[in-house]
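The values are calculated or read from the model by the stated rules, or taken from the named source; none is laboratory data. This structure is a prediction, so every number in the text was calculated from the model and none was measured. Note: ideal-geometry Cβ built from the backbone for every residue, glycine included; neighbour counts use all protein chains shown.
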Amino acid sequence: MSTKNLKRKLFFRKIFRKLLNKRRLVVLNEDTFEETFSLKLNLMNVFVVLMLSSIFLIGITTYIIAFTSLREYIPGYASTKLKKDALHLTIKTDSLENAVKLNDLYISSIKKILTGDVEYAKLSKDSLIAAERAKLDVSKTAASEAEIQLKEQTKNEDKYNVFESAKPKVNFVLFPPVQGPVIEKFNTTNKHLAVKIAVANNTPIKSIANGTIVFADWTPSNGYVIIIRHQDVILSVYKNAASLTKNQGDTVRSGEVIALAGNSTSNNTSTNLHFELWKDGFPIDPTQFINFE
């Protein structure tokens, strides 16, 4: 055996002996120096106890985290309920943000209607009625021979049907808000996006169609103003009213009284109604659809 290996062997023996050397842990009374407690041990025992204690603690901690609900009390560890709540709140927040964006756009359009700061789009009655209809490819909708025969058969069966002949052919009718002479017409050149109708004081102002009131309040420049949203994204605007009989959020029917005509602004001495009609955010000439006189 070489000298190097012998020294190495003697070194390990010396360490092993130190690990196995017995020692005594003594607890003494500080006043009397009387031995209260003593324990025989060696470094090997201490090392083994520490290793077993560490393994035990690691095993207990792993079990608590993996299989018990106590893991929720560990700082920094998120519970399943908290994760679900966080996910739910995230989805709800995203939905609220989208709703707020839509409301902001809608409020912006209402402000433009009140101020008249918009571009003009010329629309006819036909374009208003068919605004929501999709354009079809005629080549793809050609009727087959069987469909033509069925159409002819149905036509003959309904030839003497009085109920069919009694159905209204007009699918979009607007009720006049008031009856009176138009003293100022719709004119986009001078940005007059309304028709001014002369009426008597306290004349009832009626809704032109079924809808929901989206704005009803007093404004400094236009007096009492009421805006109604109808089908097909149509808005009717009634300005310079003396008082309102409906509130924002109310649902109204066609021809129902919503306000009374009169002078409600300090800079206006005449009694008239400013009436506007809007489609898809653009003003249109109300006289194309309503006969005021």
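From the set of residues in the range 230-251 that are surrounded by fewer than 17 Cβ atoms within 10 Å (Cβ to Cβ) and either in a strand (DSSP E or B) or in contact (Cβ under 8 Å) with a residue 40 or more places away in the chain (or both), which is nearest to the chain's Cα centre (by Cα)? Once the filter is applied, the top-ranked residue is Val233. Among the residues that make up the range 253-269, is at least one of them in contact (Cβ under 8 Å) with a residue 24 or more places away in the chain, under 16 Å from His192 (Cβ atoms) and either hydroxyl-bearing (Ser, Thr, Tyr) or not assigned by TED's automatic domain parsing to the domain that holds Thr203 (or both)? No: the range 253-269 contains no residue that is in contact (Cβ under 8 Å) with a residue 24 or more places away in the chain, under 16 Å from His192 (Cβ atoms) and either hydroxyl-bearing (Ser, Thr, Tyr) or not assigned by TED's automatic domain parsing to the domain that holds Thr203 (or both). The residues of the range 235-271 that are of a type in the set (Val, Ile, Thr) and at pLDDT below 90, listed by number, are Thr265, Thr269, Thr271. Total residues in the range 218-229 satisfying the condition of being farther than 14 Å from Ala261 by Cα and modelled with pLDDT of 90 or more: the figure is 3. Applying the condition of being in a strand (DSSP E or B) and of a type in the set (Ser, Thr, Tyr) to the range 203-229 and asking which residue is surrounded by the most Cβ atoms within 10 Å (Cβ to Cβ) yields Tyr224. Could you tell me whether any residue of the range 19-33 is at pLDDT below 75, surrounded by 11 or more Cβ atoms within 10 Å (Cβ to Cβ) and either assigned to a helix (DSSP H, G or I) or among the polar types (S, T, N, Q) (or both)? Yes, the range 19-33 contains a residue that is at pLDDT below 75, surrounded by 11 or more Cβ atoms within 10 Å (Cβ to Cβ) and either assigned to a helix (DSSP H, G or I) or among the polar types (S, T, N, Q) (or both). Take Ala200 and tell me if it is touching a residue at least 24 places away in the same chain (Cβ under 8 Å), surrounded by fewer than 21 Cβ atoms within 10 Å (Cβ to Cβ) and of a type outside the set (Val, Ile, Thr). For Ala200, the condition - touching a residue at least 24 places away in the same chain (Cβ under 8 Å), surrounded by fewer than 21 Cβ atoms within 10 Å (Cβ to Cβ) and of a type outside the set (Val, Ile, Thr) - is met.
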